[in-house]
Amino acid sequence: MKRAPKVICWGKAVLTLMRGNSTVTDNYIKPKHPNIFISVFAFLAIVGLFLHQRLWTNEQINGLGLPHDMVGNFFSRFLLALADNGNTLIYGMTFIAFAFLFWYVFVYHQMVIRSAWFFLLALVYGAFYILAMTFEDYQSWQPLVQTKGSLLLSVIQLIGITFLFYTLFTLSYYKFSRINAYVPTGDSKSTSSHLFLKRWLLMAISWIIYLSVFYPINTDNDFASQISSFFGGKSAFYLGTVKYLQNTSVITDHHPVFTTMVYGMFAKLGLAMGSINFGIYLYGVVTVIGYAAICAYSVGFFARMGLKRKFQKWMTLTYAFFPLFPFYAGTATKNTPYSFLMIILIMQLIDITRNPKERFRSPRFLIGVSVVLLFQMLVVKYAVQIIIIFGIFFVYRYRRYWLQASLTMFLPVLLFVGPYQNGLLPAFHITKTNPMEALSVPFQQTARYVKEYPNDVTQSDRRTLNKVFYYSKLAKNYNPELADPIKDGATVRLSTIQPQDLVKYRKVWLHQFFKHPLVYVEATLNNVYGYFSFNYYNSFALIGVNISPSWNPSVVLKNEKYKLIAAEKMPTFSRNLTKYFGVLSHTPVFSILIQPHTHLFVTLLLVVILAYRRLWSAQLVLLPVLLNALVDISSPANGMFRYMMVFVICLPVLLAYCNNVFKKQRVSLKNSSLYN
């Protein structure tokens, strides 16, 4: 009998590993020589975390005055780099900490699981950790691969940091799967209206205090643009991507028209009351009260599922006092209502998962789901793509109720794209934004190609590009971590570009991709690595980035006739509080918790855990949140806080739900073979 080819055998092995086990049992890595194993990987983890990317150059070696035969090989250069990149005491303490961690995992518990899902996530985050270090210093990955020695060093770093992440991920799974957060029956006392009001009041008061400190509201340039356009101003904050209609409304769908109208109505109300600032502050108070009601209800929702009292308190206190929640709840961006609407959607999906027959027979419930989806599209435009992708999976999962599922998911999309976008908005002369606004990724790739390979641009390609861009400015205006300089009117020929020019551009883009594909990959990674790297400091995480006219005297919102918001000097207390949280955001441990990309990572880890446990239906509940990672990858700005807001806001709900799913899987630590 002929043996199967090795490729087929390996393929079957990989598929088996990716699928996981049919029963909830774990396979472990048990080293034969634990002391050597621990020492080697503790050292590799230190190398991965601390070592600089590039080995020493010959000029640096000459400066040491050492003989070349002593430092002429890779190993010697490696040791010199290690000695140059840190403090011996720090290395020693870190080595001890890592050695203890690996001993605790491998020897004491023997609990690191053989799972391709965990390994893949660790590999991705290990790669982004290393890429982030070199992108921050050089805006390129070339130092990682410029020589055979640097490439070898990069591989060593990747092995060490991947193994460290893999161990931490598995330890997190081990601990999380053992948390017993639920009782067999729901807690009826914790779902009373009295407790709901107490939770709601606590969150609302805490959040309003934060909001009041930064009167009138936390916001950004987009908010200023929307208010300005509502009052007839052609705002410079539109980055030149809008062609205004002559003698008609200057409101555009560059930003969601629905939110523009809501912001404008509150501003107009404030103007009628004598202070536009107060009108905007009133908007913040109303929305904060609404967001607090959603979060308070979510605690009671899980209490009905059996969440223990202490975990109910944990959710309530986290919502009320963990800084990201009050700051984000009081921030006037389009992503804020979208994120809190996502909590409602998650609870609705959990209801469907628990009682599909009952829910699909309830028109009232299904209409409620459709309304939430419709409002998500009204507040952020990319929700359309997310809902379409999610809807396909949703209909397939509940194909037994395909008609109800299809109407629930896709009817809101049809209403939004048809009667709203192509009916109501044109009827009111709402200007459409330029379609190039959605071309951040290919524009960045083209700009990097022109900058790094100018001699490989043919005359024909150059003529085509020159019809879309001001070619001479393309490389000059390229910012590796921000696409706005390439999309705006200083680089793109907004006034003369034609649809056929974009068709020809796509052909050139594809042609250049086949010539130098890696530069496209490098351009994309350089623009998104901040979303997936722990060592990327995100200044967007806290209030420092939220530009409000009451903070920054240089920001004055006005048009030709009206001074809408008078710039005021930032109050001393607000300024000091900003500095205080700036210090905390650099404090070990707290700095990790406060960064929004940590919440994105935990969401990805939950998805991996559910895949490992073969809980595919539960993954469907997480999918609408997870799909926002695709938005991060295609976003115009690296590490932008508001694109990660949905992961921050939804994480407590996702943690509570996943723990409930583990409980329903009825895995008993005493009666099963798990971790034996």
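The values are calculated or read from the model by the stated rules, or taken from the named source; none is laboratory data. Keep in mind the model is a prediction, meaning the values are calculated, not measured. Please note: Cβ atoms are built from the backbone with ideal geometry, for glycine as well, and neighbour counts cover all protein chains shown. Remember, those area values only see protein heavy atoms, side chains included, never the ligands or the DNA or RNA. Shrake-Rupley method; radii C 1.70, N 1.55, O 1.52, S 1.80 Å.
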- Message: Among the residues that make up segment 336-351, is at least one of them over 25 Å from residue 645 (Cβ atoms) and in contact with a Lys or Arg (Cβ under 8 Å, 6 or more places away or on another chain)?
- Response: no
- Subset of segment 576-620 [open to solvent by less than 30 Å² (accessible area, probe 1.4 Å), modelled with pLDDT under 75 and within 19 Å of residue 132 (Cα to Cα)]: 585, 591
- Selected residue [assigned to a helix (DSSP H, G or I) and on the phi < 0 side of the Ramachandran plot] from 318, 333: 318
- Note on the structure: Filtering segment 275-299 down to residues that are open to solvent by 10 Å² or more (accessible area, probe 1.4 Å) and under 24 Å from residue 350 (Cβ atoms) yields 290, 291, 293, 294, 297
- Message: Residue under question is residue 287, and the condition is that it be of a type in the set (Val, Ile, Thr) and farther than 28 Å from residue 655 by Cα; does it hold?
- Response: no
- Message: For the condition modelled with pLDDT under 80, crowded, with 16+ Cβ neighbours inside 10 Å, out of contact with any helix residue (DSSP H, G or I) (no Cβ under 6 Å at 6 or more places or on another chain) and assigned to a helix (DSSP H, G or I), what is the one hit in 152, 89, 101?
- Response: 101
- Item | Filtered residue count, segment 188-198, keeping only those that are at pLDDT 85 or above and either among the hydrophobic types (A, V, I, L, M, F, W, C) or open to solvent by less than 20 Å² (accessible area, probe 1.4 Å) (or both) | 3
- Could you tell me whether any residue of segment 268-279 is closer than 23 Å to residue 255 by Cβ and among the charged types (D, E, K, R)? yes
- Task: Would you check which residues across segment 258-274 are open to solvent by 40 Å² or more (accessible area, probe 1.4 Å) and either more than 33 Å from the chain's Cα centre (by Cα) or farther than 10 Å from residue 227 by Cβ (or both) and list them?
- Result: 258, 261, 265, 268, 269, 271, 272, 273, 274
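Conditions tested, residue by residue: (1) charged (D, E, K, R); (2) over 29 Å from residue 634 (Cα atoms); (3) surrounded by fewer than 21 Cβ atoms within 10 Å (Cβ to Cβ).
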residue	(1), (2), (3)
344	no, no, yes
350	no, no, yes
364	yes, yes, yes
367	no, yes, yes
- Message: Looking at 259, 287, 185, can you tell me which residue is within 30 Å of residue 314 (Cβ to Cβ), at pLDDT 85 or above and among the polar types (S, T, N, Q)?
- Response: 287
- Yes or no: residue 413 modelled with pLDDT of 85 or more and either closer than 30 Å to residue 358 by Cβ or of a type in the set (S, T, N, Q) (or both)? yes
- Note on the structure: Contact list, first residue from segment 172-184 and more than 25 Å from residue 121 (Cβ to Cβ) and aromatic (Phe, Trp, Tyr), second anywhere and modelled with pLDDT of 80 or more and open to solvent by 50 Å² or more (accessible area, probe 1.4 Å), beta-carbon distance below 7 Å, six or more apart or interchain, is 182/308
- Message: Could you check segment 451-508 and list, in sequence order, the residues that are of a type in the set (Ser, Thr, Tyr) and either surrounded by 16 or more Cβ atoms within 10 Å (Cβ to Cβ) or in contact with a strand residue (DSSP E or B) (Cβ under 7 Å, 6 or more places away or on another chain) (or both)?
- Response: 464, 471, 478, 491, 505
- Task: Looking only at segment 348-384, count how many residues are among the hydroxyl-bearing types (Ser, Thr, Tyr), free of Cβ contacts under 8 Å to residues at least 60 places away in the same chain and part of a helix (DSSP H, G or I).
- Result: 1
- Within segment 120-149, restricting to residues that are of a type in the set (Ser, Thr, Tyr) and part of a helix (DSSP H, G or I), the one that is nearest to residue 605 (Cα to Cα) is 125
